[in-house]
1. With Ala274, Ala247 as the choices, which residue is touching a strand residue (DSSP E or B) at 6+ places or on another chain (Cβ under 7 Å), hydrophobic (A, V, I, L, M, F, W, C), modelled with pLDDT of 95 or more and assigned to a loop (DSSP other than H, G, I, E, B)?
2. Here are Met265, Met181: which of them is of a type in the set (A, V, I, L, M) and either touching a Ser or Thr at 6+ places or on another chain (Cβ under 6 Å) or within 18 Å of Ile138 (Cβ to Cβ) (or both)?
3. If I ask for residues that are of a type in the set (A, V, I, L, M, F, W, C), buried (at least 16 other Cβ atoms within 10 Å of the Cβ) and under 23 Å from Lys146 (Cβ atoms), which ones from segment 248-296 would you list?
4. Looking for whichever is of a type in the set (Val, Ile, Thr) and surrounded by 20 or more Cβ atoms within 10 Å (Cβ to Cβ) here; the options are Val95, Val37. Which one fits?
5. Scanning segment 152-189 for residues that are β-branched (Val, Ile, Thr) and in contact with a strand residue (DSSP E or B) (Cβ under 6 Å, 6 or more places away or on another chain), which turns out nearest to His9 (Cα to Cα)?
6. Count, please, the residues in segment 1-43 that happen to be in contact (Cβ under 8 Å) with a residue 12 or more places away in the chain and farther than 14 Å from Gly220 by Cα.
7. Looking at segment 136-144, is at least one residue touching a residue at least 60 places away in the same chain (Cβ under 8 Å), in a strand (DSSP E or B) and of a type in the set (Ser, Thr, Tyr)?
8. Of everything in segment 196-215 that's touching a helix residue (DSSP H, G or I) at 6+ places or on another chain (Cβ under 8 Å) and in a strand (DSSP E or B), which residue is surrounded by the fewest Cβ atoms within 10 Å (Cβ to Cβ)?
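The values are calculated or read from the model by the stated rules, or taken from the named source; none is laboratory data. In this text the structure is predicted, and so the values were computed from the model without any measurement. Glycine also receives a Cβ, built like all others from the backbone with ideal geometry; neighbour counts cover every protein chain displayed.
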Amino acid sequence: MKQLSGIHHVTAITSSAEKIYQFFTNVLGVRLVKKTVNQDDIQTYHLFFADDLGSAGTDMTFFDFQGIGPAIKGSNEISRTGFRVPSDAALEYWVKRFIKYQVVFEPIKELFGKKIIFFQDFDLQEYALVSDEHNQGIASGTPWHKGPVPDEFAITGLGPIFFRVSSLSKMESILSSYLFMRKTKVEGNYTLYEMGTGGNGASVILDFQPDEIFAQQGYGGIHHVAFRIDDVVALQEWTKHLNEIGASNSGLVDRFYFQSLYTRMHRGFLFEFATEGPGFIDDEDPYETLGELLALPPKLRNQRAYIEKQVRHIDTIRSNKVFEKEYL
């Protein structure tokens, strides 16, 4: 069976689709590559932010469930999303950028030999920027060339994903015995696991916090994490594997932009396995205008008129705008 090759995407919950669009576009300089709806709840927006091409392994997505309360942070949750930047010098740029845009962040520190910045957004959603300067392993994506952040400092993809856990042994067993990740380093209360060729884009970091209360999902928290697999054949192999170990799962789910498989192997953690393609550049969204119009997968297109009445309009047109590169 083919191993997981890295992080495919992270899906989180926001209190405001409009505000998260502004934050990712204007502050983080990450491209909106798909504006669509939750395929299981068509009254909810689903926004996909990724690299310039919408590549697998680069996107963070958001739901804006109406009426949901704030997340209660604690143990047994996917706690923090990492993003990759090219170098240590890029982190110095981001310190100045965060100060300019009044983003709450912690000073640059080192974790597992990589320089890193922890920061958060308006919902207290937790993120990290990690330097690729000394990184080896799975390649990252492409900077958003027309975005406001200079390419040499820009976010290029997903970095390590943090799990805050109350029991190391249980999660370690899941990662190593069932998901075939390898334990590579321990530093304080952090344990590094890697998959595939490893590196920042193929890492899970366990944050052992045995005394925390159990987390509760809400806006400002993460809904699920998806791991990269090659294709539908590999997805079928993983479905068979999950069935053999007695892990309940969804079976194949066609998301159009990729094929998926979902499972819950631990309280508080929803894992997805997602194929590399076909991707976000499709018959509705060409490269030049990715994310500008409300895109729908084929199974929902006959409901377009109804769906457009259910979701409020959000202006995401950028092809007629010019972002000046901000050198700070």
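1. Working: Ala274 fails: assigned to a loop (DSSP other than H, G, I, E, B).
Answer to the check: Ala247.
2. Values: Met265 fails: either touching a Ser or Thr at 6+ places or on another chain (Cβ under 6 Å) or within 18 Å of Ile138 (Cβ to Cβ) (or both).
Exactly one of Met265, Met181 is of a type in the set (A, V, I, L, M) and either touching a Ser or Thr at 6+ places or on another chain (Cβ under 6 Å) or within 18 Å of Ile138 (Cβ to Cβ) (or both), namely Met181.
3. Within segment 248-296, Phe280, Ile281, Leu290, Leu294, Ala295 qualify.
4. Checking each option against the conditions leaves just Val37.
5. Within segment 152-189, the match that is nearest to His9 (Cα to Cα) is Ile161.
6. Of segment 1-43, the ones in contact (Cβ under 8 Å) with a residue 12 or more places away in the chain are 1-21, 23-39, 41-43.
From what is left, the residues that are farther than 14 Å from Gly220 by Cα are 1-9, 18, 21, 24-39, 41-43.
Residues in segment 1-43 being in contact (Cβ under 8 Å) with a residue 12 or more places away in the chain and farther than 14 Å from Gly220 by Cα: 30 in total.
7. First, the residues of segment 136-144 that are touching a residue at least 60 places away in the same chain (Cβ under 8 Å): 136-144.
Filter again for in a strand (DSSP E or B), leaving none.
No, segment 136-144 has no match at all.
8. Residues of segment 196-215 that are touching a helix residue (DSSP H, G or I) at 6+ places or on another chain (Cβ under 8 Å), as a first pass: 196, 204, 206, 208.
Add one more test, that the residue is in a strand (DSSP E or B), and what stays is 204, 206, 208.
Details: Val204: 23, Leu206: 21, Phe208: 19.
Among those that are touching a helix residue (DSSP H, G or I) at 6+ places or on another chain (Cβ under 8 Å) and in a strand (DSSP E or B), it is Phe208.
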